[in-house]
Amino acid sequence: ELGEVAASLDMRAYLVGGSVRDLLLNAQTQDVDIVVEGEAPVLARQLQARNPELQVSVHPSFGTATLSFPGGERLDLASSRVEHYPSPAALPRVESSGIQADLWRRDFTINAMAMHIHPERFGELLDPYHGATDLKERRIRVLHSLSFIEDPTRILRALRFELRLGFLMDAMSERLVRNAVHLDVFSQLSGARLWRELSYLLDLPHALALSDRLSELHLWPVLRGEPLADPARFRARVARAVDSLRWYRLLFRAAPEVAGWRLWIRVFWGDLDDARLRQRLREFQLPARELSAALSDVEKLRQARSRLLKPLDPWTRYQLLSPLSMEGLLALLSWDECEILQAQVSEFIQHQYDLRLPLSGKDLQALGIPRGPRIGELLAQLRRAVVEGHVTDRETAKQWIRQ
Ligand code: ATP
């Protein structure tokens with residue numbers, strides 16, 4: 001219907017970008033992207049007039065509109081921008097010139113295909129850069145040699161598609177990445193934009209492959225502000241963290257999800273010295289809560305780490321580990337190849353992270369303790385008694401209180 005409405009307005013509409021790629025891969029696509037040669041907001045309004053259940057938000061200054069369907073699906077409409085036309089007054093009515101210019105601005109050949117949704121040519125593929133061949137041959141290829149210089153975030157996007165799709169950059173694109181890194185293109189990029197792209201990468205379930213690829217392409221100095229001090233040791237740590245995360249998720253299926261990217265912040269940047277770590281994470285402009293949680297975890301992790309290389313008594317261990325988030329604990333669990341440390345941290349994660357006291361403040365009142373600070377003190381002592389194993393259930397807790 002969209003194609004027909006567009007045609008009735010004398011506009012051509014195309015499915016573009018990731019939507020075409022996913023369609024050719026038979027993969028689920030998230031958002032559907034449409035480019036129209038014409039005013040996307042006008043088309044959006046017309047569609048809404050015919051389908052009142054559609055929610056439409058338009059951004060006239062960008063020439064874009066978003067349609068939301070009752071089922072939650074979204075469709076983004078954009079106008080193929082015309083700034084590359086020779087002169088606005090002389091809009092060439094050459095077939096598809098708008099879409100051609102639009103595709104030329106895209107990142108990789110596999111994302112630079114369009115599909116006609118115009119009724120007469122519905123389903124016809126427009127593939128000026130041979131994206132379909134690259135898709136078949138599992139290749140990420142830029143459209144031109146200045147691509148990464150124009151937009152360095154494309155370097156991280158290339159890694160994202162490599163890892164997510166199991167593709168590889170072609171030799172030329174990879175050479176262009178190395179060249180761009182050598183020219184220090186990332187210095188032009190704000191930390192916040194860098195982080196945005198990076199966070200997608202850190203969310204993928206391929207941390208070890210990611211880390212290896214970042215090493216191969218000499219990207220660690222860009223991301224950390226300094227090279228890896230000991231690449232082999234770093235890699236072993238990442239490999240252990242992958243195992244820890246898998247272990248945690250298998251063991252605690254019902255537990256609150258740990259966010260991969262939070263773990264990877266701690267593992268990938270946690271060995272920097274304090275000042276540099278602070279500076280890096282500030283530059284990324286993480287939300288304030290994430291920033292302070294990450295900094296606190298790293299600080300606590302370092303304090304705990306050296307002490308946990310030897311067996312500690314349960315209460316000391318509990319006090320060292322309870323300020324850490326689960327992501328911080330998993331980072332610590334992977335920090336060193338040391339069985340004593342690993343045994344102590346995994347014991348804490350399994351039995352004490354989510355420690356519930358057998359009695360509450362209300363229970364204590366029912367046992368005759370008057371309201372007031374005494375209740376808090378007793379609960380703190382009870383916690384210690386539980387950690388040390390003197391109290392195991394409600395009954396032993398009550399006996400312990402009575403003593
Ligand atoms: P995903 O499934 O991750 O959403 P996608 O390809 O749809 O994949 P988006 O980031 O939503 O990824 O981008 C949509 C399209 O916009 C891409 O397919 C690509 O054509 C284009 N694009 C996005 N970012 C850039 C960029 N930095 N440079 C050039 N083109 C880009």
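The values are calculated or read from the model by the stated rules, or taken from the named source; none is laboratory data. Because the structure is predicted, anything quoted here is derived from the model rather than measured. In this analysis, Cβ positions are derived from the backbone assuming ideal geometry, glycine residues included, and neighbour counts consider all displayed protein chains. Note: accessible area is taken over every heavy atom of the protein model, side chains too, but ligands, DNA and RNA are not part of it. Shrake-Rupley method; radii C 1.70, N 1.55, O 1.52, S 1.80 Å.
Couple of notes before you dig in:
- Share of carbon and sulfur in the accessible heavy-atom surface of region 326-385 [1.4 Å probe, %]: 48 percent
- Anisotropy class of region 257-403 from Cα gyration tensor, a/c 1.5 cut: prolate
- For region 396-402, 3J(HN,Hα) computed residue by residue from phi via the Karplus equation (6.51, -1.76, 1.60; θ = phi - 60°) reads 5, 5, 5, 4, 5, 5, 5 Hz, glycine and proline entered as x.
- Estimated translational diffusion coefficient (Stokes-Einstein, Kirkwood radius over Cα pairs, 37 °C, 0.692 mPa s) of region 110-263: 187 µm² per second.
- Amide hydrogen neighbours beyond the local backbone of Met169, cut-off 5 Å, H modeled: Ile140
- Filtered trypsin sites (Lys or Arg not before Pro), region 274-367: DSSP coil and at most 15 other beta carbons within 10 Å: Arg356
- Excluding ligands, DNA and RNA, the accessible surface per residue across region 127-265 is 49 Å² with a 1.4 Å probe.
- Rounded tilt (10° steps) of 274-283 against the dominant C-alpha axis of the chain: 40 degrees
- Between helix 373-387 and the chain: long-axis angle, C-alpha atoms, 0 to 90°, nearest 10: 80 degrees
- Annotation: lysines with alpha-carbon distance below 18 angstrom to Lys362 (same-chain offsets under eight excluded): Lys398.
- A cut-off under 12 angstrom between Cβ atoms defines the neighbours of Tyr318, and their net charge, with Lys, Arg +1 and Asp, Glu -1, is 0.
- 3J(HN,Hα) along region 29-37: 9, 7, 9, 8, 10, 10, 10, 10, 8 Hz, from the Karplus curve 6.51 cos²θ - 1.76 cosθ + 1.60 with θ = phi - 60°, whole Hz, x for Gly and Pro.
- Helix-derived mean residue ellipticity, 222 nm - over the chain, DSSP H n ≥ 4, -39500 (n - 2.57), to 500: -16000 deg cm²/dmol
- If R0 equals 41 Å, the separation of the Cβ atoms of Thr29 and Ser190 corresponds to a calculated FRET efficiency of about 0.90.
- All lysines inside 21 Å of Lys310 as judged from Cα atoms, apart from same-chain residues fewer than 8 positions distant: Lys300
- Most to least accessible of Asp170, Asp203 (protein chains only, probe 1.4 Å): Asp203, Asp170
- By accessible area, using a 1.4 Å probe on protein heavy atoms only, region 167-256 has 57% of its surface on carbon and sulfur.
- GNM top mover of Leu168, Leu250, Leu201 - the chain, alpha-carbon springs below 10 Å: Leu250
- Volume per residue of the convex hull around the Cα atoms, evaluated for the chain, comes out as 200 Å³.
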